[in-house]
Each structure stands twice: as structure tokens, then as C-alpha cells.
Amino acid sequence: MATYVLQRLLISIPVLLGVLLIGFLLLQVVPSDPVELLAGPEATQEVRDSIRKDLGLDRPLYVQFGSYLVRVLQGDLGRSLISNRSVAEELWLAIPPTVELTFMAMLWAIPGGLALGTWAAIRRGQWVDRLVMALSVTGISVPVFFLGLMLIRYVGFEWQALPFVGRPGPLYTWEGLVGIILPAITLGGVLVGPIARMTRTTTLEVLRADYVRTARAKGVREGRVVLAHVLRTALIPIVTLIGLQAAFLLGGAVVTETLFAWPGLGQLAVGAILSRDFPLAQGAIMILALAFILINLSVDVLYTRLDPRVRRR
Amino acid sequence: MNWKQTIAGLVLGMGMALPGVASGQTLTVLRTVDSFSYDPQRATAAAASEIAFLLGDTLVALDFDMKTIKPLLAKSWTVSPDGKTYTFELRDDVSFCSGKKMTSEDVVYTFNRMLDTENKKPSAQKMGKVKSITAAGPTRIVYELNEPYNELLYTLTLMHGTILNKENVDALGKDFGIKGVDGTGPFCWESWTPRTEMTLKRHAAYKWGPPIYANKGPAKVEKIVWKMVPEDASRMAAVMSGQGDLTYAVPLWSVAELKKAPNVAITAPANYFRTCFIGNKITRDLMKDIEVRKAMNLAVNREDIAKQIFFGNAIPAPAYLHPGTPDFAASTQNTPLGKYNPAEAKKLLDAAGWKAGSDGMREKNGVRLSPVLFILNSGSNPQMATAVQGYMRQVGIDLKIEAFDATAYFTKIATQEFDMFLLCNPYASAGDVLNVYWRSQNRPIPNRMNWIDAETDGWLDAGLQASDPKVRAENYAKVQEKIVANALWVPLVHDMVFVAASKKVKNVKPHATFTSLLYKGLDVSF
């Protein structure tokens with residue numbers, strides 16, 4: 001297993017370099033210019049030229065990318081073109097809030113989706129099934145900003161039960177714990193529906209399997225049949241879905257972050273890309289690519305735990 | 001109102017009378033954008049200046065009337081008869097947040113850093129044509145110019161005139177304005193988490209506030225926390241529910257709702273001048289024709305734009321400047337071009353040979369009258385552009401709109417690829433805006449119209465160098481009359497800004513300078 005993990009990690013190095021190159025080339029297409037942001041609308045051409053030279057943007061593209069790559073290989077992610085802050089520092093500020101938000105959203109959305117999907121499968125065709133499916137379709141259909149605005153309106157504004165402005169502190173503090181509830185419910189709301197639907201579908205297939213009928217015939221209690229025999233087999237496609245969603249949430253929670261003024265990686269990446277702040281954008285893209293690679297690796301490793309056939313292969 | 005605003009309106013419409021959460025002596029200000037840096041010489045945005053005015057002081061201050069110059073770090077000043085030498089007498093009781101005493105050396109260092117030709121600063125041109133800036137003793141500064149510059153005192157009230165602590169700038173190097181700023185202002189830097197939060201604490205030794213405030217210092221609130229809340233509905237709900245105390249960023253659709261809210265007070269600064277206009281790039285083929293430019297001015301219904309798009313929170317703009325602007329030319333306020341008259345617009349286009357085709361859109365010598373308008377895709381810009389597009393179609397002009405994000409827009413309007421551009425621009429005086437936009441040497445930016453005219457340049461020089469305010473006003477009036485007569489812009493509206501504050505926050509009197517409505521914030525209290 002260790003050799004397999006090591007091989008996968010080594011393969012990820014050229015993948016990361018490729019991501020950096022593609023990211024750099026795509027950034028050239030963005031029709032913005034960091035010089036304009038720094039100079040302001042009233043600056044003369046002379047001032048603009050001076051700033052462009054200071055930033056090194058007057059050099060050929062291959063020189064810009066080459067010198068960036070050399071620095072990255074030496075462990076230096078450079079400085080933001082706009083703020084002049086260290087990219088590592090910028091990322092260090094943005095990663096914890098995003099990881100916290102993703103973690104808390106999944107903490108309720110995964111068990112919630114699994115429970116609802118399993119319940120619907122067991123009660124197939126009954127009102128419970130129809131209710132759960134209606135709820136999951138609603139969950140999939142309702143835009144995340146609408147759910148967030150409704151939570152802000154009722155829970156935050158009308159009832160004044162929970163804060164909804166910013167990240168009051170890290171998750172391990174009381175303020176941080178209370179402050180993450182509404183953003184985590186909003187973000188998790190996107191996940192519950194797909195997980196519940198996938199769980200219902202796969203559970204229904206497994207419930208019809210011969211070994212489940214055998215387990216029931218042997219007199220195994222229904223709860224144990226579902227939890228130990230059915231759900232374990234049904235989990236493989238669900239784990240794949242959860243893995244993909246987790247990776248997506250790390251960078252794709254921009255709407256939730258904007259609504260709740262949550263200072264995360266999504267907002268940082270979008271802002272950097274739009275302002276063509278390429279060292280910062282590349283840093284954010286690299287972190288997101290790394291997250292995708294590691295989550296996919298974790299999912300593959302988890303398969304081997306869930307399905308002995310995979311382990312044997 | 002779009003669907004998103006409708007939902008946001010629903011949010012605001014509920015529970016108006018909810019009590020706020022006590023903030024103690026910490027004022028929480030909610031904002032939409034952060035600055036990339038708080039170095040007052042590098043940054044140019046309002047997001048930086050609203051903090052810079054609290055962290056630091058300038059030699060002179062601007063009164064709420066936006067005209068009168070008041071003492072601040074300089075207790076007095078004199079101007080030589082030829083208008084070329086300004087001598088400032090500094091206060092001797094001023095210290096930075098670090099405790100270091102401010103002297104004339106800091107002032108000289110600050111201005112020379114601004115004028116450094118190796119590392120050009122965006123606002124350096126506003127310092128005038130400087131011959132030398134020297135310290136004549138610990139509390140005297142001699143500022144010598146190569147030619148008179150009557151805007152100097154005003155420009156020294158702006159953010160880039162903030163006096164810096166040389167030791168602090170040297171110590172922080174490239175991190176100055178990012179890791180900290182040691183200023184002489186009423187508040188001191190405590191912490192900054194970019195795009196999230198900035199905390200300023202009261203400068204306990206502060207006692208040199210400008211005479212525009214009852215309180216000269218220290219400030220009455222202990223701390224100011226600036227929080228980023230980019231989403232309009234979330235920000236407004238936060239102010240109304242007490243999760244924030246104050247915001248400058250009040251969307252115009254929410255003003256009527258907020259005025260009804262019992263726990264929120266809405267105020268607007270007097271003498272705030274910002275004009276939304278469409279600039280015509282007159283070197284482009286379609287825009288060379290003055291009759292086309294005049295017809296466009298006549299085709300636009302400015303009253304309708306002010307009422308429908310700005311919810312009545314704007315003044316129709318027949319002239320290029322707000323009528324309250326210092327040195328405004330009253331003769332430009334009631335010209336025929338400022339009046340909605342689509343019939344006359346059609347007549348002008350007909351007479352100029354622009355004939356309607358089968359689809360009603362005009363063409364001449366096989367060229368379709370279809371100018372391209374570049375706009376910023378935020379705020380009220382898309383709605384204004386769409387309305388103008390509608391007015392243009394009524395007279396047979398097929399206006400094409402291309403919208404860009406804020407980070408791309410200024411790059412795009414630095415090119416020569418468009419016929420017209422839409423911008424909303426703040427200013428303090430006629431000289432402030434005319435000298436930036438209409439000098440021939442300022443082509444292609446910020447003179448995006450590509451206006452070249454020796455007469456205009458001469459009047460601008462004469463206005464800028466005049467020691468007599470009457471002469472200055474006469475010259476600036478000539479410039480305004482000429483550019484209006486040439487229909488170089490299509491002015492739309494003079495818009496407004498508002499401050500929404502919890503009623504537990506007292507003495508909020510917005511200042512109009514560069515949309516930094518809190519300015520020094522010395523009288524604000526709970």
C-alpha cells in the first residue's frame with residue numbers, strides 16, 4: 001500500500017507542473033491588467049510603464065513563467081503582484097477558513113444524506129420515500145445563495161439567533177463554532193440532495209442482492225442487515241461522489257463565502273484570477289490541484305478498505 | 001429591480017424594529033472591498049483612503065464644505081506673491097503612534113518619496129511642478145514650485161499627502177502599508193487580515209484634530225473594526241440587526257427601506273460631487289461627427305435615468321459638473337444639448353446625412369451608425385447603459401454595449417478599441433476634474449476622449465496658475481463651455497452616497513472627501 005501511495009504522489013508532480021503551465025497560459029487570456037489596479041484610473045502612461053517594469057511584466061512571457069517556475073521549485077511561491085504580500089502568507093490565511101467550512105458542511109451533510117437515502121430506500125414507494133426524494137430534489141434545485149439568504153433573513157436577522165457576518169474566529173473557539181453554523185448549513189445543503197439520491201439508488205440495488213436475502217433468512221436483525229451488509233457495499237459510488245464534492249467545495253464555495261463574508265480560498269482564487277495576479281492565482285490553483293490529487297488518492301485508498309476485491313487487484 | 005434585488009428586498013422588509021447588539025466602544029464598519037495596500041502613496045482607491053485618513057494626517061485639512069482649507073499638521077502657511085513658494089509652519093506637539101515626534105524631516109522625506117522618479121507614484125502629478133521641498137528648521141517647510149499651482153493646498157489634503165514616519169517606512173520596506181503604518185492620525189494600526197478585517201485602535205496622545213470637529217482628540221471610540229461584507233443584502237441586514245454599526249456602501253435600492261427602519265439613520269454628505277457620464281472617443285470614425293455627438297446628448301432622458309435607475313437618489317446632469325462644484329460654469333447648466341429632445345436629435349442626424357435603413361437604424365455612405373460603448377459591469381452601470389441603448393435606438397443609433405469586470409475595465413478603456421465609455425467619477429472642484437481629463441498631454445489616459453486643443457490647454461494653465469480666484473473661475477468656465485459645445489461627453493446623472501448607521505452611533509457627519517465619509521471620525525461616539 002505504501003508503494004502504491006508513493007507512486008501516486010510521484011505521478012502528481014508532473015500533474016502539478018502541467019496545472020501551473022496551463023494556469024499561467026489561461027491567465028494570459030484574462031482581459032485584465034494588475035498595472036491598472038495599482039495605477040488607478042487617473043495615472044498617466046509614464047506611471048503605468050514604470051509600474052509594469054517594477055512588476056517585471058515587461059519581460060517576455062516565457063521568461064516570466066521560467067523565473068516563476070525556478071522559484072517554485074526552490075519552495076518560494078513569490079509575492080502577490082497587487083498587494084506585494086507573500087503568496088504563502090496569503091494562502092495560509094485563506095486555507096484554514098475554507099477547510100473548516102468544507103469540513104463542517106460535510107460533517108452534517110454526509111450523515112444526513114446517507115441517513116435520508118437509506119431511509120428512503122428501505123421505505124421504497126411509501127410517503128417517506130416520496131418526501132425524502134422531494135426534499136433532495138429541492139436541495140439540488142435551490143440555488144445556494146437563496147438558501148443562504150433565507151437563513152440570513154430568518155435565523156440571523158429576524159430571530160437574531162446566529163451571527164452571519166464573517167468568520168469570528170477559528171473553529172476551536174466558541175465564537176468560531178457559532179459563527180460557522182449558518183455558512184456550513186448553507187454549503188452542506190448543496191451536498192445533502194445528491195448524497196441522499198445516490199444512497200437511495202445504490203442501496204435499492206444492494207437490498208435486492210442474494211446475500212442480503214440470505215442474511216435476512218438467517219435471522220439477522222434488519223438494522224444490522226442494513227448497516228453492516230447493505231450500506232457497506234453501497235458506499236463505493238457514494239464515497240466517489242463525496243470525494244469529488246469535497247474537492248469541488250474547497251474551491252467552489254465562492255457564493256457561500258461571499259454571502260457570509262467568509263474569507264476563504266475560493267474568493268482568493270477568483271479575485272487573483274480576475275486581477276491577473278499570477279503568482280497568487282498560481283498559488284491558489286496549485287493548492288486546489290493538490291487538494292484534488294490528495295482527495296482522489298484518499299478515495300482510492302478508502303476503496304481498498306471498503307471492497308476487498310480492489311485490495312486484491 | 002432584478003430578481004436578486006427582489007430577494008434582498010424581502011430580507012430587508014422583515015423585522016425592522018429589532019434591537020441591535022451592543023458594540024461597547026468598538027465601532028464596527030462594514031465595507032465591500034479591501035485595499036491591496038495601505039501605503040497612502042501607492043494606493044489610489046477609496047478603500048485605502050477611508051483608512052489612511054484615520055491612520056495619518058495631512059499638512060492641511062478640507063472642511064465639510066469641500067472648499068475651505070483648515071490647519072492640521074501645519075498650524076499656518078503663507079504663499080509668496082508669485083504663487084510659487086508655500087511656507088508651512090508645523091505644530092511642534094505631534095507624534096506618531098510609535099511615540100516618535102513628528103518633525104519637518106518627516107514631511108520632506110514624505111514628499112520626496114512621493115516625487116521619486118525611480119519609483120513613480122500614481123498621484124505624483126498632483127504635487128505640482130516641484131523645484132524643491134526643504135526643511136527650514138524643525139517646524140518649517142518651504143515648498144518651492146517652478147510655476148504657480150493653486151490646487152496645491154487642496155491636493156495636500158488628499159490621501160497621498162499623509163505624512164509618513166521615515167524610520168517606519170525604512171524598517172518595513174516592501175511591507176510598508178501591508179504589515180503596518182505608523183501615522184500621526186487619530187487611530188493606530190492594530191491588525192489587518194486582507195479581504196477580511198482591519199482593526200484600528202485609538203491614538204491616545206492625539207490632540208491635533210482639525211478645527212472642523214468639536215473634539216480635537218483623542219477619538220471617542222476606542223476601536224474601529226472594518227469588516228468586509230461584499231454581499232449587499234447581508235451587509236444591510238447586518239447593520240439593521242446590530243451585527244455592524246455603520247456602512248458607507250448602501251445600495252440605492254435599499255435607501256427607501258432603510259429610511260423606514262426605526263433603528264437605522266441614513267445620512268448623505270453635503271457637497272459630494274460624482275458624475276456618471278459617457279465619454280466620446282472623438283478620434284474614432286463614428287464619433288468624429290459632432291452632429292452625432294450632439295444627437296446623442298439630445299436623445300438621452302436624464303430625468304428618467306435618475307428616477308428609474310437611481311430610485312430618485314441622483315440628480316439629472318445636463319452639464320458636465322455638479323452645479324455646486326467650485327468654479328462650475330453656470331452657463332453650461334441650461335444648454336439645449338442638456339435637454340431631452342429626440343425629435344431634434346433626429347433632425348440633426350438627418351441633416352448630417354445619416355439616413356434610416358430598413359430596420360430603422362441609420363447609416364451614411366454604407367457605414368452603419370453603430371458605436372461601441374464599453375462599460376463596467378457593476379453598480380448601476382449596466383442599467384444606465386441599457387437605458388441609453390434604448391434612447392439611442394429611438395433616434396436610429398444602434399449602440400452596442402460591451403461590459404467588463406472591474407479588473408478588466410480600466411485596461412480596456414486604456415485602448416483605442418471603443419467609441420464610447422461609461423464612467424462615474426468623483427471630484428472636488430472644476431480644476432480637479434478638468435486638469436485630469438481635458439489636457440492634451442493626458443491622452444490616451446485619462447484623456448480618453450483624445451481631445452487635443454491648444455486653447456483648452458492654455459485656459460487650464462491659466463486657471464491652474466491664477467492667484468485670483470475670479471481669474472481661475474473665468475478660465476475654467478471657458479474650458480467647460482468649449483467641451484460642452486463640442487459634445488465630448490454625454491453627461492447622465494450626478495449620483496449620491498449614503499451612510500447607514502445604527503442610531504446608537506452618535507454624531508455621524510459624513511465628509512465628502514474621496515468617499516472617505518468617516519474622515520477623522522473624532523466626534524463619533526456611542
Answer from A:Val47, A:Val35 - the residue that is within 15 Å of B:Ile413 (Cβ to Cβ), within 11 Å of chain B (Cβ to nearest Cβ), out of contact with any strand residue (DSSP E or B) (no Cβ under 6 Å at 6 or more places or on another chain) and of a type in the set (A, V, I, L, M, F, W, C): A:Val35
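Residues A:Leu91, A:Leu114: which one is more than 14 Å from every other protein chain (Cβ to nearest Cβ), assigned to a helix (DSSP H, G or I) and among the aliphatic types (A, V, I, L, M)?
A:Leu114
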Pairs with Cβ under 9 Å, 6+ apart, first in the range B:400-413 and at the interface with chain A (Cβ under 7 Å from one of its Cβ atoms), second part of a strand (DSSP E or B) and charged (D, E, K, R): B:Lys412/B:Glu402
Residue match in the range B:21-43 (condition: more than 10 Å from chain A (Cβ to nearest Cβ), modelled with pLDDT of 90 or more and within 18 Å of B:Phe111 (Cβ to Cβ)): yes
Selected residue (only one of B:Thr247, B:Thr184 is buried (at least 21 other Cβ atoms within 10 Å of the Cβ), of a type in the set (S, T, N, Q), touching a residue at least 40 places away in the same chain (Cβ under 8 Å) and away from chain A (no Cβ under 12 Å)): B:Thr184
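Out of curiosity, is B:Ile282 closer than 16 Å to B:Trp489 by Cβ, surrounded by fewer than 20 Cβ atoms within 10 Å (Cβ to Cβ) and in contact (Cβ under 8 Å) with a residue 60 or more places away in the chain?
Yes; evaluated as a whole, the condition is true for this residue.
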For B:Ser358: the one exception among (1) in contact (Cβ under 8 Å) with a residue 24 or more places away in the chain; (2) at negative phi; (3) in a loop (DSSP other than H, G, I, E, B): (1)
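This table checks each residue for (1) part of a loop (DSSP other than H, G, I, E, B); (2) in contact with an Asp or Glu (Cβ under 9 Å, 6 or more places away or on another chain); (3) assigned by TED's automatic domain parsing to the domain that holds B:Asp106.
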{"site": "B:Glu190", "(1), (2), (3)": "no, no, no"}
{"site": "B:Ala204", "(1), (2), (3)": "yes, no, no"}
{"site": "B:Ala214", "(1), (2), (3)": "yes, yes, no"}
{"site": "B:Gly217", "(1), (2), (3)": "yes, no, no"}
{"site": "B:Trp226", "(1), (2), (3)": "no, yes, no"}
{"site": "B:Met236", "(1), (2), (3)": "no, yes, no"}
{"site": "B:Ala249", "(1), (2), (3)": "yes, yes, no"}
Matching residues, the range B:93-124, being under 28 Å from the mean Cα position of the chain (by Cα), of a type in the set (S, T, N, Q), outside any loop (DSSP other than H, G, I, E, B) and surrounded by fewer than 21 Cβ atoms within 10 Å (Cβ to Cβ): B:Asn112
The range A:171-202: number of residues that are within 12 Å of chain B (Cβ to nearest Cβ) and either closer than 25 Å to A:Ile238 by Cβ or in contact with a helix residue (DSSP H, G or I) (Cβ under 8 Å, 6 or more places away or on another chain) (or both): 3
Residue that is in the same structural domain as A:Gly18 (by TED's automatic domain parsing) and of a type in the set (S, T, N, Q), where the choices are A:Ser83, A:Ser67: A:Ser67
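Okay, residues lined up against (1) in contact with a Phe, Trp or Tyr (Cβ under 9 Å, 6 or more places away or on another chain); (2) not polar (S, T, N, Q):
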| site | (1), (2) |
| --- | --- |
| B:Glu402 | yes, yes |
| B:Asp405 | no, yes |
| B:Thr411 | yes, no |
| B:Leu422 | yes, yes |
| B:Ser429 | yes, no |
| B:Ser440 | yes, no |
| B:Arg443 | yes, yes |
| B:Met449 | yes, yes |
Filter result (out of contact with any Asp or Glu (no Cβ under 9 Å at 6 or more places or on another chain), farther than 15 Å from B:Thr155 by Cα and not hydrophobic (A, V, I, L, M, F, W, C)) within the range B:57-79: B:Asp65
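Could you name every one of the helices (runs of 4 or more DSSP H) located completely within the range A:1-70 that has at least 2 residues being under 33 Å from the mean Cα position of the chain (by Cα)?
Passing ranges, in order: A:2-29, A:34-39.
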Meets criteria (without any contact (Cβ under 8 Å) to a residue 12 or more places away in the chain, surrounded by fewer than 23 Cβ atoms within 10 Å (Cβ to Cβ) and away from chain B (no Cβ under 14 Å)) for A:Tyr211: no
Residues that are surrounded by 16 or more Cβ atoms within 10 Å (Cβ to Cβ) and either modelled with pLDDT under 95 or more than 14 Å from chain A (Cβ to nearest Cβ) (or both), drawn from the range B:194-204: B:Pro194, B:Arg195, B:Thr196, B:Glu197, B:Met198, B:Leu200, B:Lys201, B:Arg202, B:His203
Test: residue in the range A:62-76 that is surrounded by fewer than 18 Cβ atoms within 10 Å (Cβ to Cβ) and closer than 25 Å to B:Thr193 by Cα: yes
Enumeration of residues in the range A:251-288 that are among the aliphatic types (A, V, I, L, M), farther than 26 Å from A:Ser67 by Cβ and in a helix (DSSP H, G or I): A:Val254, A:Val255, A:Leu259
B:Thr199 vs. criteria part of a strand (DSSP E or B), within 27 Å of the chain's Cα centre (by Cα) and of a type in the set (Val, Ile, Thr): yes
Which listed residue is modelled with pLDDT of 95 or more, assigned by TED's automatic domain parsing to the domain that holds B:Gly128 and closer than 29 Å to B:Met198 by Cβ, from B:Ala61, B:Ala52: B:Ala61
Test: residue in the range B:281-297 that is part of a strand (DSSP E or B) and away from chain A (no Cβ under 14 Å): no
Where a residue in the range B:436-456 is more than 9 Å from chain A (Cβ to nearest Cβ) and its partner, wherever it lies, is surrounded by 18 or more Cβ atoms within 10 Å (Cβ to Cβ) and among the small types (Gly, Ala, Ser), with Cβ under 9 Å and at least six apart: B:Arg448/B:Gly279; B:Arg448/B:Ala414; B:Met449/B:Gly279
Any chance B:Leu153 is under 27 Å from the mean Cα position of the chain (by Cα), more than 14 Å from every other protein chain (Cβ to nearest Cβ) and in a helix (DSSP H, G or I): yes
Selection count, the range A:159-192, where residues are assigned to a loop (DSSP other than H, G, I, E, B) and surrounded by 23 or more Cβ atoms within 10 Å (Cβ to Cβ): 5
Positions within the range B:252-277 being within 14 Å of chain A (Cβ to nearest Cβ) and part of a loop (DSSP other than H, G, I, E, B), in sequence order: B:Ala261, B:Asn263
Looking only at the range B:303-342, and only at residues there that are outside any loop (DSSP other than H, G, I, E, B) and hydrophobic (A, V, I, L, M, F, W, C), the one that is nearest to B:Asn381 (Cα to Cα): B:Ile309
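What about B:Ile141, is it β-branched (Val, Ile, Thr), outside any helix (DSSP H, G or I), more than 14 Å from chain A (Cβ to nearest Cβ) and under 23 Å from B:Leu55 (Cα atoms)?
yes
The values are calculated or read from the model by the stated rules, or taken from the named source; none is laboratory data. Small disclaimer: the values here were computed from a predicted structure and weren't measured. We place every Cβ from the backbone using ideal geometry, glycine too, and count neighbours over all the protein chains shown.
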